[in-house]
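The values are calculated or read from the model by the stated rules, or taken from the named source; none is laboratory data. Everything numeric here is computed off the predicted structure, so don't read it as measured data. Cβ placement follows ideal geometry from the backbone for every residue including glycine, while neighbour counts extend to all protein chains displayed. Side chains included, ligands, DNA and RNA excluded: accessible areas come from the protein's heavy atoms. Shrake-Rupley method; radii C 1.70, N 1.55, O 1.52, S 1.80 Å.
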Amino acid sequence: MPIRVAVPKEVAPGERRVALVPEVVGRLAGKGYQVQVEQGAGAAADYPDAAYAAAGAQVVADPYAEAQVVLKVQPPTLEELERIPPGAVVVGFMHPHRYPDRVARMRERRVNAFAIELIPRITRAQPMDALSSQATVAGYKAALVAANLTRRFFPMLTTAAGTIRPAQVLVLGAGVAGLQAIATARRLGAVVEAYDVRRAAGEQVRSLGAKFLELPLDAEAEGGYARELTEEEKAREREMLAEAVARADAVITTAQVPGRPAPLLVTEAMVARMKPGAVIVDLAAESGGNCALTRPGEVLEHGGVTIYGPLNLPSELAVHASEMYAKNLYHFLELLTQGGERLEPDWGDEILAKSALVWAGEIRHGPTRERVEGSAG
Ligand code: NAD
């Protein structure tokens, strides 16, 4: 029996992405999966129903009815959960810390769930790493948004009307999103400086033609992630960053420490020292912001400085964000179903074991279980 995969239309406000694109449907159909796509599921990402049908999907009004695996971008809502048949598996971003009620409902209804963001960032999991693929999109778009919000050129221009100096861009946090923001700002001709608490990021920053701001501390912890800085280290960091922020025409912030609120890097006092017309694009807006003045989802002016905390930049580039996400899901689905053979996860596999949120009425992710059941659980 072929494994039945469902792709519903995303219902979250402003979400344009879709979990599978026609090309990936074609690959799955070729491997014997049966794919049902809800009518209009790809429309907001410019993938018409006809393209899904041509790739081998059935385009249907209700993709849930017979689904064994439901592929989502955003966490399923309570209404969506009611439509997923018990025993089916839903895969997508789950943000369990934000939606413990939905996790509790999955457990009650015996809907199984894998959280794509819990996939460990190990080498073998790279093709499934949707956090990275979507952060790549966000970093690229952040540089374009910053360029758009400034009232200046990014590149140096030599014209009959004189020479224009290039914009000075500062990128804070040189992980996946930060590196892509650096690369994009460089392609637009800006002079770029970047900072990260991990010294190892310096080499990558320099290879993109940007200057790496060195601070006399190293905060790389287990797994290549940053540890949280001490209070004293934070103060030193802010002092040195204040100078760099004051010189910048555009600041793009992307710093995060997994499982923690975003580190505060740009204080109100630093913003007060910025040039008139300078811009801050804060990618960490959702987890509290790297700038003290950021308001999630809003563009605001503060003393002549524009501060924007976008919440879903990948959705604005829905064509390629969906394509990359669909490829991530394809590789995950192949692992989950052992190449389309059966829906029995191999719990010996670290990727499946760590990304399983709910299975057979049990919350498998420890921190979420504690949150839903209380610390005794
Ligand atoms: P990542 O883990 O790859 O990179 C984060 C970087 O921040 C790491 O290199 C880390 O060392 C660095 N960092 C941590 N503390 C720091 C500090 N005090 N100073 C300087 N650097 C510090 O993460 P990512 O995938 O690049 O995502 C970056 C951010 O972008 C996250 O907050 C993520 O949620 C956000 N994001 C936002 C959107 C959006 O549309 N708004 C989309 C995707 C990702």
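Here are some notes:
- Neighbour net charge for residue 347 - beta-carbon separation under 13 angstrom, K R +1, D E -1: -3
- Within the range 102-146: backbone nitrogen closer than 15 Å to the residue 65 label point (7 Å, Cα to C-beta): none
- Springs join every pair of Cα atoms under 10 Å in this Gaussian network model of the chain, and among 161, 44, 147 the largest mean-square fluctuation is at 161.
- Relative contact order of the chain, taken over Cα pairs closer than 8 Å and 6 or more residues apart, is 18 percent.
- Carbon/sulfur fraction of accessible area - the range 1-136, other protein chains in place, 1.4 Å, %: 54 percent
- Local electrostatic count at residue 243 - Lys and Arg +1, Asp and Glu -1, tallied over other residues with Cβ under 11 Å: +1
- GNM top mover of 63, 100, 22 - the chain, alpha-carbon springs below 10 Å: 100
- Where the Cα pairs of the range 138-311 fall when distances are cut into 10 Å bins, in %: 11, 42, 36, 9, 2, 0
- The spacing between the range 259-316 and the range 1-37, judged by their C-alpha centroids, is 35 Å.
- Potential extension, residue 320-residue 158 segment - 0.36 nm per residue separation minus Cα distance: 54.9 nm
- Kirkwood hydrodynamic radius (C-alpha pairs) into Stokes-Einstein, the chain, 25 °C and 0.890 mPa s, D in µm²/s: 112 µm²/s
- Looking at the chain, the accessible area is 44 square angstrom per residue; that uses a 1.4 Å probe and ignores ligands, DNA and RNA.
- Top of 130, 292, 194 by mean-square fluctuation, Gaussian network on the chain, Cα under 10 Å: 292
- With R₀ set to 35 Å, the beta-carbon distance separating residue 206 from residue 108 gives a calculated FRET efficiency near 0.10.
- Where only DSSP H runs of four or more residues are counted, the chain gives -10000 deg cm²/dmol as its mean residue ellipticity at 222 nm, each run worth -39500 (n - 2.57).
- Contact order relative to length of the range 138-311, as percent, for alpha carbon pairs under 8 angstrom and 6 or more apart: 19 percent
- For the range 138-311, carbon and sulfur atoms together expose 51% of the accessible surface, with a 1.4 angstrom probe and every protein chain in place.
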